Amino acid sequence: MTTPDLRGRTVAVKVPATSANLGPGFDTLGLALALYDELEVSVRDEPGATVEVTGVGEGEVATDESNLVVRAIAHTFEAVGVPLPGLNLRARNSIPHGRGLGSSGAAIVSGIMAAKGLLDGVVDLDAQTLLALANDMEGHPDNVAPALFGGLTIAWVTPEGPRFKKLIVHRGVSPLVLVPETVMSTALARSLQPQSVPHEDAVFNVSRSALLVAALIQSPELLHAATEDKLHQSYRASAMPETDRLITLLRENGFAAVVSGAGPSILVLGSDPSQRLAAARLVEESAETRWQPLMLAVDFKGATVSRVADESGATRTDTPAA
Ligand code: HSE
């Protein structure tokens, strides 16, 4: 392909936070939440990249080509065979890092969506390709699928690449995320998992995750029964003891509480909005450290990208990933 002229192009991207696993749906189920990282990317004449970060990660994340968002843009350009132009990035982040709310998946999706916008009219990146590119970098699809497509997603991996199904969540479902001050590394959490599990535990999770899909889209009153898990949370509990203790307490009090992603945040799936306040109060009264309660709506749209008006007068319309 001849090198396209991308000079003057600027795109704006918005990507939601996500909570993966949702209890039994390990590496499969994910929910998009209305808390966003925003990004603006402009093509510049000089090669290389600069990154300006405000909000979460300011002064902490890399601001050169090693930045995860820049790497995701580079990965996408490389995949479609277009040379990477020089770039200026401005990120405004709200998704907490290292807390199990999909911040690395959001960074990867931000870069891939920015590349989609910058390559508009040059290469068409469809939903499946976007998911495959994101999964290449993240290693499992359960955060990047809802970050890309919004709502509740079921993601699975085939020899031909990852696939997804997006579902619309019942309007009674009311997520509360409780965010501690401590962080957890996904790599460490994954290293605590055994290579194999008892057959009855696998059956236990198959039944609960099938039920969970029904609970989330149709029968929120089943959320407590549907969020039980035997595949990952107990193996990781020693690495996040207060998370484990508070989840036990919340569940004993009738709340559908699970570890959000690899933790250490807690996700409570209320079956109506009033449950969130009661769950947040219980944690405030019982926790030994500070937990920030975030009452978040489900995001139904997923990631969007738009061309920012330039000298050529391009208009701004949000394009979703699917
Ligand atoms: N399914 C993943 C895990 C989500 O629990 O390890 C975190 O990235």
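Taking every residue in the range 56-74 that is within 13 Å of V109 (Cβ to Cβ) and pairing it with any residue that is of a type outside the set (A, V, I, L, M, F, W, C), at least 6 positions away or on another chain, the pairs with Cβ-Cβ distances below 6 Å are V69/S110; V69/G111; A72/G111; I73/G111. Evaluate the following for T28: is it among the hydroxyl-bearing types (S, T, Y) and either in the same structural domain as S209 (by TED's automatic domain parsing) or crowded, with 18+ Cβ neighbours inside 10 Å (or both)? It is true that T28 is among the hydroxyl-bearing types (S, T, Y) and either in the same structural domain as S209 (by TED's automatic domain parsing) or crowded, with 18+ Cβ neighbours inside 10 Å (or both).
One line per residue, one yes/no per condition, for (1) more than 12 Å from the ligand (Cβ to nearest atom); (2) closer than 16 Å to K14 by Cβ; (3) touching a strand residue (DSSP E or B) at 6+ places or on another chain (Cβ under 8 Å); (4) among the hydrophobic types (A, V, I, L, M, F, W, C):
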{"position": "L87", "(1), (2), (3), (4)": "yes, no, yes, yes"}
{"position": "L101", "(1), (2), (3), (4)": "no, yes, yes, yes"}
{"position": "A107", "(1), (2), (3), (4)": "yes, yes, yes, yes"}
{"position": "K116", "(1), (2), (3), (4)": "yes, yes, yes, no"}
{"position": "L119", "(1), (2), (3), (4)": "yes, no, no, yes"}
{"position": "L133", "(1), (2), (3), (4)": "yes, no, no, yes"}
{"position": "A145", "(1), (2), (3), (4)": "no, no, yes, yes"}
{"position": "F149", "(1), (2), (3), (4)": "yes, yes, yes, yes"}
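Any residue at all in the range 201-209 that is in contact (Cβ under 8 Å) with a residue 24 or more places away in the chain, out of contact with any Leu (no Cβ under 6 Å at 6 or more places or on another chain) and under 15 Å from A32 (Cα atoms)? No, that holds for no residue.
The values are calculated or read from the model by the stated rules, or taken from the named source; none is laboratory data. Keep in mind that what you see is a predicted model, and the values were worked out from it rather than measured. Every residue, glycine as well, gets a Cβ built from its backbone with ideal geometry; the counts of neighbours run over all protein chains shown.
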